[in-house]
1. Output the residue which, of all residues in the range 143-166 that are within 22 Å of residue 89 (Cα to Cα) and loosely packed, with under 13 Cβ neighbours inside 10 Å, is nearest to the chain's Cα centre (by Cα).
2. Can you tell which of 238, 232, 260 is at positive phi and in contact (Cβ under 8 Å) with a residue 24 or more places away in the chain?
3. Just to verify a result, which residue in the range 107-122, among those that are modelled with pLDDT of 95 or more and exposed (fewer than 15 other Cβ atoms within 10 Å of the Cβ), is nearest to residue 157 (Cα to Cα)?
4. Can you list the strands (runs of 3 or more DSSP E) lying wholly within the range 174-218 that have 2 or more residues being over 36 Å from the mean Cα position of the chain (by Cα) and touching a residue at least 12 places away in the same chain (Cβ under 8 Å)?
5. Go over the candidates 169, 146 one by one and state the one that is in contact with a strand residue (DSSP E or B) (Cβ under 6 Å, 6 or more places away or on another chain) and free of Cβ contacts under 8 Å to residues at least 60 places away in the same chain.
């Protein structure tokens, strides 16, 4: 009876595991000797606990009886690099137009994109930075630019060039000989060309859909320095007529409103100094080409 009871005790002890940490003592049911075992309580991907591993087993070159170094420690965080300046006062180009167009979208800049990082742009960037807790330097650095990108959308071509400055389109082949006012509706520019060479380029504005500017090849037939429209009773300084009542002339409205307005069919120029130079150089009989 004593031996039979001892066998029951051994069987019970073999099934008993005390999980106090990573190891426990159990009795081998075959030899009756005790040996240490390691209990892996790490959850497996299917949610079940892992199986047993004898304490003497080693993996990856671990020495018996030692604990493998932890691989779950988080390395020290690398400090973020300081913001780098992308654009600042005095910079020019298409990228500056995009900065300005995006600032207009969030109502920090009201003037149209000019392509020049001027005082108004500095003030707008400084206000945008201060509102969001960034150093108000007025320079567009990498952090400011990333924040502005998140808050805005890609500007359309209209938004980028709403106030002009678009690169002039390639000259029409009909502009390559003689003395020509070469006018592109696509880029909204006028080239003054002589012998295929561009001497001057200016922004221009055209008529609305109800009073469109005619397209084709014309000639300058009449010039009037201080002209006033008999139809609309409005000034048309430096007028160079090429098709009926349509002329190339200076427009103070274009200078003030940009492309948010339109002419009654004429080709408006907003740079008074340049139109004055053109008026002095262009002669009656010079060619005018209006094209898309």
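The values are calculated or read from the model by the stated rules, or taken from the named source; none is laboratory data. Since the model is a prediction, treat every value here as computed from it, not as a measurement. Every residue, glycine among them, receives a Cβ derived from its backbone with ideal geometry; neighbour counts consider all protein chains shown.
1. Out of the qualifying residues, it is 149.
2. Answer to the check: 238.
3. That would be 107.
4. Correct list: 179-184.
5. Testing whether each residue is in contact with a strand residue (DSSP E or B) (Cβ under 6 Å, 6 or more places away or on another chain) and free of Cβ contacts under 8 Å to residues at least 60 places away in the same chain leaves just 169.
Every residue, every condition in (1) closer than 17 Å to residue 96 by Cβ; (2) not assigned by TED's automatic domain parsing to the domain that holds residue 94, yes or no:
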| position | (1), (2) |
| --- | --- |
| 133 | no, no |
| 156 | yes, no |
| 167 | yes, yes |
| 179 | no, yes |
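Condition check ((1) surrounded by fewer than 16 Cβ atoms within 10 Å (Cβ to Cβ); (2) under 19 Å from residue 162 (Cβ atoms)) across all residues:
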residue	(1), (2)
190	no, yes
230	yes, no
233	yes, no
253	no, yes
279	no, no
